[in-house]
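Everything below concerns the one structure shown next.
What follows draws every value from the coordinates through simple rules; no lab data is involved. Note that the structure is a prediction, hence the values are computed from the model and not measured. Heads up, the Cβs are rebuilt from the backbone with ideal geometry, glycines too, and the neighbour counts pull from every protein chain shown.
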């Protein structure tokens, strides 16, 4: 039988907020058990899983894109040589989008 851990420990193991675990439970994404007093308990078998990226795939696509870069930029109506910035995150303070803007300006 595996050890049951409280929500505080489960959130540290997974690197997410306790509110996230509660939301996941409400959405049916996880099914923790509850103590007699109704306290959250999760199986200790939970473990962090870092994001996985297929680097070879993206390196090949980047190479292909580089070869067609100027034609693609032209098809979008962008000036040749003009800097383009991609910010792939939510525009929230935690993601620090202002740092990017400050670095550019």
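Numerical summary
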| quantity | calculated |
| --- | --- |
| Dimensionless Rg over Rh [segment 4-43; C-alpha; Kirkwood] | 0.93 |
| For the chain, the fraction of alpha-carbon pairs in successive 5 Å shells from zero, as % | 2, 9, 12, 13, 11, 12, 10, 8, 9, 7, 4, 3, 1, 0 |
| Gained length - residue 27 relative to residue 99, 0.36 nm times residue gap less alpha-carbon distance | 22.5 nm |
| Computed E for residue 19/residue 88 - FRET, C-beta separation, R0 25 angstrom, nearest 0.05 | 0.55 |
